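A.B. asks: I'd like to ask you about the structure that follows.
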Amino acid sequence: MAARSVGKPVAHDSAHLHVSGTAAYTDDLPEPRDLLHLAVGMSPVAHAVLRGVDVEPVLAAPGVVAVCTAADIPGENNYGSIVRDDPVFADGLLQYVGQPVFAVAATSANAARKAARRASYDYEEREAILDPLTAVAKGSFVLPSETLLRGDPDAALEAAPNRLQRRVLVGGQDQFYLEGHIAMALPQEDGGLLVYSSTQHPDEVQRMIAHATNRDAKDIVVICRRMGGAFGGKESQAALIALIAALAVDKTGRPCKLRLDRDDDMIMTGKRHDFVIDYDVGFDASGRILGIDFEFAARCGMSADLSGPVNDRAMFHCDNAYFLEHVRIVSHRCKTNTVSNTAFRGFGGPQGMFAIEYVIDDIARQLGMDPLEVRQRNFYGKDERNTTHYQQVIEDNILEELFERLLRSSDYRARRSAIREFNAGSTLLRRGIAITPVKFGISFTSTLLNQAGALVHVYRDGSVQLNHGGTEMGQGLYVKVAQVVADELGISIDRVRTTAADTSKVPNASATAASSGSDMNGKAAQKAAAKIRKRLTAFAAKQYGISEAEVDFRGDKVYVAERIMDFEDFVQAAWAARIALSATGYYRTPKINYDRATFSGRPFYYYAYGAAVTEVVVDTLTGEHRILRVDILHDCGDSLNPAIDLGQVEGGYVQGAGWLTTEELWWNDRGELGTHAPSTYKIPICSDLAPDFRVELLSNAANREKTIYRSKAVGEPPLMLALSAFHAIRDAVAGDDTHAPDLEAPATPENILRALRGAGSE
């Protein structure tokens, strides 16, 4: 008898393939005999008028078949997903170091890469804007600045008995996916095109290729079975890689593959936006915020890409868990001569939450209080103080209960007292501890993206094939949706096979992003499976002269009154009776009503909550730190798959800790990225994990909204749990409750030493 799948720790559907090295990624697919390999010729300067490029030496290089430039694009030289300001190949203007100028097609990847370096560029260099503050000063923006206002912050600030101002910087982050950007395009008969792409958004890849090559969408099929990580980096910019491959197909008439190596990938593709954050906050003697003024300046790069919604989301999430009655948020979307920054796990939310958590920590230190008390003092309420600054009423607030439970299980208060005693007697090593909450809104803020489709086939042997618009990037989406379908049909999950995301099977799909993959695709797949089950139920009732209420599907059996039939035998009988065994499902997220013009309404279907306690030790001589212990309690609603969700929480925290502690992006004064390889860009490794790492999913916490089996999203929210790591380091640098170190993120050893010197420590 097959047990219920949903809610069980079912193994990732590709786990056995991952660990055995047999999982097929785009680069592992069989290559046609006449395949050409591509490399990109990139801009050597940050900002210049491009007069011309001499590609004759490129064409003369061994193995080279063709060179593609902007002149070879029959349609639109653009892949901008929202604002049409992102050229495939530079045409007349160079806007960042690494910008694609041409592509070379050769008989091997090495030949293509060597040849690309032979080009010479004729250009007139211009002044480059390389940082957000310079961009603000010069009025250089990819999009107009936006302001979100609630109440009267000026009056509240003026009347407040206590007031603080600060400027703080939070750095960007490279997605550093295991599998880099890659696409392979194959010509099909009658002008058709088949594209294998490592992408979170096959529909967008399809549309952008159509725009650039003057094809209809019907003539292009985009397929993605799995990605070796993405984290937002393959949401919009995967289209560029696939576009170049498609254009090379049209130029050569042969299959073409573009696979970026790590250096080129990091130089050429976008990252998490770094922010300059200015704040002015007024508060009372208890630490309650009375008024606050935020000004954000985000490095967007040379084009808009997804910077509009990313920065909108930073504005939404700069409350985190706290009620802000009088608030102004000014958001500058800065145009710089650097790579266009893009989506990254959290999509602006982490930067907004970083800002308010810094404010809370500063208030506490100004008052000589435990930041815990200030956090609790400012929490959203349940029946009052429960409306966000964008006018959404919070209906599912579980902050206090979750927080108190973690305080008890982590023994936070006793440990904090012990740490204060330790620091009083230690000069070289200092310990720190912090607890931070997470409240994260779930849904695409663009209402139109909150929709999904699915396709389910039941075969005569009782096996099931599932396809939906979501993409698998290691997060376990496929197994979760398969669990839903298995339970809807009453069969074991090993009967269900999920096939690759395919634009010819499920069209017009939204990106797998915004933590909405399971919510939307799970519901769509459930609806498709339910249609088939309903048909089968009606058939059984008619065939055996019983009511539909007497038909049940469970344990790979079909119960028809007193009869018990094997699922496959019943399906065979239904097929013989000409019952349709295939169905589509469609879902759109309810209750969303957001007006971007006024920054008001309900952009989020619900909120996911969590909290983390992190304890660290800092070496005051070297600035190095170690995370000693982590305690996490996270809200996944009624988890679809606790094993998958635990992995997401653990991974999210570690990735967030990397962003805030070790992962530093550095550009020189020519706009050249210096940290573009594992040797210079430091992601967390196994030895960076806390030796005591405790993660628990909140129990008995069903989503109050009608999500799939009352579960909650878990992709993005856990990343922000790592804010506790940053503030634990800040706590260690301070050494007590009164100092407020000027610590920037990431808290690298260099930044920690600067903060220590600023606090008077050597």
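A.B. asks: Between Thr503 and residues 5 or more places away or on another chain, which pairs have amide H atoms under 5 Å apart, with H built 1.01 Å from N, and which residues are they?
C.D. replies: Val222
A.B. asks: R0 = 41 Å: FRET efficiency of Arg704 with Leu133, Cβ-based, nearest 0.05?
C.D. replies: 0.40
A.B. asks: Within the range 256-286, which residues have the backbone N less than 11 Å from the label spot 7 Å out from Ala677 along Cα→beta-carbon, could you tell me?
C.D. replies: 262-264
A.B. asks: About its Cα centre, what dipole magnitude does the chain give when the only charges are +1 on Lys and Arg Cβ and -1 on Asp and Glu Cβ, stated in debye to the nearest 20? Intermediate values should be presented prior to the final figure.
C.D. replies: Numbers: 81 positive and 99 negative charges, 318 e Å.
With Lys and Arg at +1 and Asp and Glu at -1, about 1520 debye.
A.B. asks: On average over all directions, what projected area in square nanometres does the chain have, based on the convex hull of its Cα atoms?
C.D. replies: 33.9
A.B. asks: With Cβ to Cβ distances under 10 Å as the rule, what net charge do the other residues near Lys271 carry (K, R +1; D, E -1)?
C.D. replies: -1
A.B. asks: Same structure again: Between Tyr459 and Arg408, with labels modelled 7 Å along Cα→Cβ, what's the label distance in nm to one decimal, could you check?
C.D. replies: Using points 7 Å along Cα→Cβ, the separation is 5.2 nm.
A.B. asks: How far apart, in nm, are the 7 Å Cα→Cβ label points at Ala530 and Asp595?
C.D. replies: Result: 3.2 nm between the two label points.
A.B. asks: I'd like the distance separating the alpha-carbon centroids of the range 677-702 and the range 712-751, in whole Å.
C.D. replies: Value for the Cα centre distance between the two parts: 14 Å.
A.B. asks: Let me ask another. Distance cut-off 22 Å, Cα to Cα: go down the list Lys8/Lys505; Lys8/Lys557; Lys271/Lys335 and report the pairs above it.
C.D. replies: Lys8/Lys505
A.B. asks: Is the range 318-404 best put as rounded, prolate or oblate by its Cα gyration tensor, with a ≥ b ≥ c the root eigenvalues, rounded for a/c under 1.5, and otherwise prolate when a/b is larger than b/c, oblate when not?
C.D. replies: Prolate shape, in that a/c is at least 1.5 and a/b is the bigger ratio.
A.B. asks: For a Förster distance of 56 Å, can you work out the FRET efficiency between the beta-carbons of Phe422 and Asn508, rounded to the nearest 0.05?
C.D. replies: After rounding, the FRET efficiency stands at 0.45.
A.B. asks: Can you spot the aspartates and glutamates whose alpha carbon is less than 18 Å from Lys706's alpha carbon? Ignore those fewer than 8 places along the same chain.
C.D. replies: Cα-Cα hits under 18 Å: Glu395, Asp396, Asp487, Glu488, Asp519, Asp635, Asp638.
A.B. asks: Run the numbers for Ser547 and Ile82: contour at 0.36 nm per residue of separation, minus the present Cα-Cα distance, in nm.
C.D. replies: Values: separation 465, 0.36 × 465 = 167.40 nm, distance 5.23 nm.
The span from Ser547 to Ile82 would gain 162.2 nm if fully extended.
A.B. asks: Please give the contour-minus-distance gain from Leu621 to Glu124: 0.36 nm per residue of separation, less the Cα-Cα distance, rounded to one decimal in nm.
C.D. replies: Using 0.36 nm per residue and subtracting the Cα-Cα distance, I get 174.2 nm.
A.B. asks: Report the calculated FRET efficiency for Thr499 and Ala71 (r = Cβ-Cβ distance, R0 = 56 Å), to the nearest 0.05.
C.D. replies: Rounded to the nearest 0.05, the efficiency is 0.90.
A.B. asks: Related question: What percent of all Cα-Cα pairs in the range 137-208 falls in each 10 Å bin, counting up from 0?
C.D. replies: The calculated distribution, bin by bin, is 11, 20, 22, 19, 15, 9, 4, 1.
A.B. asks: How would the range 1-79 be classified by its alpha-carbon gyration tensor: rounded, prolate or oblate, with rounded meaning a/c under 1.5 and the a/b versus b/c comparison settling the rest? Display every interim value, and only then the final one.
C.D. replies: On the way: a/c = 3.49, a/b = 2.36, b/c = 1.48.
Here the range 1-79 falls in the prolate category.
A.B. asks: With 10 angstrom as the radius, rank Asp566, Asp86 by how many other C-beta atoms surround their C-beta, starting from the fewest.
C.D. replies: Ascending number of Cβ neighbours within 10 Å: Asp566, Asp86.
A.B. asks: Shifting gears a bit: Pop out the ³J(HN,Hα) list for the range 324-332 in order, Karplus 6.51 cos²θ - 1.76 cosθ + 1.60 with θ = phi - 60°, rounded to Hz; leave Gly and Pro as x.
C.D. replies: Once θ is set to phi - 60°, the couplings for the range 324-332 become 10, 6, 10, 8, 10, 10, 9, 10, 9 Hz.
A.B. asks: Where a ≥ b ≥ c are the square roots of the eigenvalues of the C-alpha gyration tensor, would you call the range 387-430 rounded, which needs a/c under 1.5, or, failing that, prolate if a/b is larger than b/c, or oblate?
C.D. replies: Taking the square roots of the gyration eigenvalues as a ≥ b ≥ c, the range 387-430 is oblate.
A.B. asks: State which entries of Lys439/Lys531; Lys480/Lys591; Lys234/Lys439; Lys382/Lys527; Lys531/Lys591; Lys251/Lys523 exceed 31 angstrom in Cα-Cα distance in the structure shown. Walk me through the numbers before you get to the answer.
C.D. replies: Values: Lys439/Lys531 36 Å; Lys480/Lys591 24 Å; Lys234/Lys439 25 Å; Lys382/Lys527 33 Å; Lys531/Lys591 24 Å; Lys251/Lys523 42 Å.
Violating the 31 Å limit, Cα to Cα: Lys439/Lys531; Lys382/Lys527; Lys251/Lys523.
A.B. asks: Okay, moving on. Where Lys and Arg each count +1 and Asp and Glu each count -1, what net charge lies around Arg670 among other residues with Cβ under 15 Å from its Cβ?
C.D. replies: Charge balance near Arg670 sits at -4.
A.B. asks: Calculate, in nm to one decimal, what Thr387 and Glu158 gain on full extension: separation in residues at 0.36 nm each, minus their alpha carbon distance.
C.D. replies: Working: separation 229, 0.36 × 229 = 82.44 nm, distance 2.35 nm.
Full extension of this stretch gives 80.1 nm more.
A.B. asks: If you don't mind, there's one more thing I want to ask. Normalised by the number of residues in the chain, what is the relative contact order in percent for Cα pairs under 8 Å and 6+ residues apart?
C.D. replies: Relative contact order comes out at 15 percent.
A.B. asks: I need the helices of the chain that pass two filters: whole DSSP H segments spanning 30 Å or more by Cα along the axis, and mean Kyte-Doolittle score no lower than -0.5.
C.D. replies: Membrane-span-like by this criterion, though nothing is claimed about a membrane: none.
Read-outs throughout are calculated quantities, based only on the coordinates presented, and are distinct from any laboratory measurement. Source: prediction; values computed, not measured. Glycine also receives a Cβ, built like all others from the backbone with ideal geometry; neighbour counts cover every protein chain displayed.
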